[in-house]
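No value in this document is a laboratory result; all are computed from the given coordinates. Note that the structure is predicted; figures quoted are calculated from it, not measured. Note that we place each Cβ from the backbone using ideal geometry, even for glycine, and neighbour counts take in every protein chain shown.
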């Protein structure tokens, strides 16, 4: 391990960490995973999943908007940059296997997920937090191209179930 791949700035007066002008928080992985588990157990998986999707979606959109402006990115480059930065921040290693903004579809391979690494218990899909991230980022790309339509993502396989890696499929949301 060497120095961080992403430069971190620390404000001497406030102690606030930032990367590319976005404020960051550094915390131990076990704290976040324990918080994640407590929320899921406390309010139930389905309800927590809805909260995670919405929060992750909004956060991904905001991040893409700010990073696109900071680095002069547009189109699929924004989505790929987002996956690269997430990979550099300890969440997992994200590999975009397919991406079609016009159709609103994509496939992302996820290796070394923080949720798989910390998983205890019976086999289960445990990486659902990433769903909203993928949708928010791809919808941002689509919006910039004048395309609209809500997206959804599903974890089609998870390493916590014994798969070699986790995999997500992104596509148009079903209207109910």
Rounded to the nearest 500, what is the chain's calculated 222 nm mean residue ellipticity when only DSSP H runs of at least 4 contribute -39500 (n - 2.57) each, over all residues? -13500 deg cm²/dmol
Taking the alpha-carbon centre of each part, the distance from region 118-172 to region 67-91 in Å is 16
If each residue's Cβ is checked for other Cβ atoms within 10 Å, how do 174, 29 rank with the fewest at the top? 174, 29
Any idea how far apart residue 50 and residue 35 come out in nm if each label point goes 7 Å out from Cα toward Cβ? 2.3
Grab the Cα-Cα distance for residue 84 and residue 173, subtract it from 0.36 nm times how many residues apart they are, and report the gain in nm with one decimal. 29.5 nm
Taking the convex hull of the alpha carbon atoms in the chain, what volume per residue do you get, in Å³? 136
